[in-house]
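Report on one structure; see the data block that follows.
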Amino acid sequence: MEQTNIQIMKLQSMKLPTTFGCGALLVWSLYALVVSELLGRLPIFQTLFLMFGVSFVAMAIRLTILKRWHVLKQPWFVWLIGVLGVCGSDVAYLSAVKYAPPAHVDFIDYLWPFFVIIFSSFLPKEKLTIQHIIAGALGFLGVFLMLTGGKWNFNLQGDYVVGYLFALTAALIWSLYTVATRWRQDMPIEIVGMYCGIGAFISLGLHLQYETWIIPTPFEALLVFFLGLASGVAYIFWTYATQKGNFKLLGVLAYFTPIISMSFLVLCGKEPMSYALVMACILVVAGVVIGSIDWSRIRVSLQLAYGNKNTS
């Protein structure tokens, strides 16, 4: 009974961080729509510079008000992993949207939960189960169906291959970063804003070297501000969630994000409704349902009910 109570307390302690993680996923469901709108006119590195800059300034203000700058003293490899993870994944994602339809990019990019499930099995206290493998495989099939236009053969649309490769790169980078944050659970969440600061500096340099500055319209400026602020908050929420929340459940729930994203894209006229899109979403939802069932909690509840029945 004592072990059962410990399991219940552990599940309860994961609730809040997991909820924060779901909030981050909801923010990212708007990514494809906002980014596709911005990259219609603005260069990639200028957009990244502005976006990262907003995230950095917001976090710098927080650190100053709370007087927490001292928490940023971290080993060099923490900074390296963070900059590559946060900034590298965004560079790859925006580049993908530039060369391929945002709907396709989102479905490929959201292979990262599947990669997380695989990679996290190598972490201490994490175990890969058949439940998670089935859930990940269904999500993978949904992505595959979307990219092949509803045909069950490996015949990707060649015009978008560069964008697909960027999207796959973004997925791999983000999955590795997610697993790394789970491994480094003592990493302060505020450091994410500093990653964005470094990303802003690098993006500015690349913009000055390869692009021409385009003055954003008031609407584009508003979108950039929203994207920078929201993504900064989402990164913090996600880091906290991966450190303290239900890691495997978050990985599976992440497959809901491209479905929400597709809904926004279809409603705003950025992506036509199609058979492949509907079937892909059905496969992804099936994976989420299978993967999100908390068998351990069900087992604990049954043990409690069975134990109470015996004692009565």
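The values are calculated or read from the model by the stated rules, or taken from the named source; none is laboratory data. None of these values were measured; they are calculated from a predicted model. Positions of Cβ are generated from backbone atoms using ideal geometry, with glycine treated the same way; all protein chains shown enter the neighbour counts.
Checked against (1) out of contact with any helix residue (DSSP H, G or I) (no Cβ under 7 Å at 6 or more places or on another chain); (2) within 23 Å of S36 (Cα to Cα), T64 meets all criteria but (2).
For every residue, the table says whether it meets (1) within 17 Å of A24 (Cα to Cα); (2) surrounded by fewer than 20 Cβ atoms within 10 Å (Cβ to Cβ); (3) out of contact with any Ser or Thr (no Cβ under 7 Å at 6 or more places or on another chain); (4) among the charged types (D, E, K, R).
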| residue | (1), (2), (3), (4) |
| --- | --- |
| E190 | yes, yes, yes, yes |
| S203 | no, no, yes, no |
| Q209 | no, yes, yes, no |
| W213 | no, yes, yes, no |
| P216 | no, yes, yes, no |
| A221 | no, yes, yes, no |
| S231 | yes, no, no, no |
| G245 | yes, no, no, no |
| A254 | yes, no, yes, no |
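Of all residues in region 193-221, those satisfying the criterion of being within 18 Å of L94 (Cβ to Cβ) and among the hydrophobic types (A, V, I, L, M, F, W, C) are C196, I198, A200, F201, I202, L204, L206, L208, W213, I214, A221. Within region 98-115, the residues that satisfy the criterion of being in a helix (DSSP H, G or I) and more than 15 Å from the chain's Cα centre (by Cα) are K98, Y99, P102, A103, H104. All of L208, L204 fail the test of being in a helix (DSSP H, G or I) and farther than 20 Å from L84 by Cα, apart from L208.
Within region 38-50, can one find any residue that is under 22 Å from L165 (Cβ atoms), among the aromatic types (F, W, Y) and modelled with pLDDT of 85 or more? So far as region 38-50 goes, yes, one or more of its residues are under 22 Å from L165 (Cβ atoms), among the aromatic types (F, W, Y) and modelled with pLDDT of 85 or more.
The requirement of being touching a helix residue (DSSP H, G or I) at 6+ places or on another chain (Cβ under 9 Å), farther than 21 Å from L94 by Cα and touching a residue at least 12 places away in the same chain (Cβ under 8 Å) is fulfilled nowhere in region 254-272; no residue meets it.
Is there a residue being surrounded by fewer than 18 Cβ atoms within 10 Å (Cβ to Cβ), at pLDDT 80 or above and part of a helix (DSSP H, G or I) anywhere in region 148-164? Yes, some residue in region 148-164 is surrounded by fewer than 18 Cβ atoms within 10 Å (Cβ to Cβ), at pLDDT 80 or above and part of a helix (DSSP H, G or I).
Within region 172-182, the presence of a residue that is more than 19 Å from D109 (Cβ to Cβ) and modelled with pLDDT of 85 or more is excluded.
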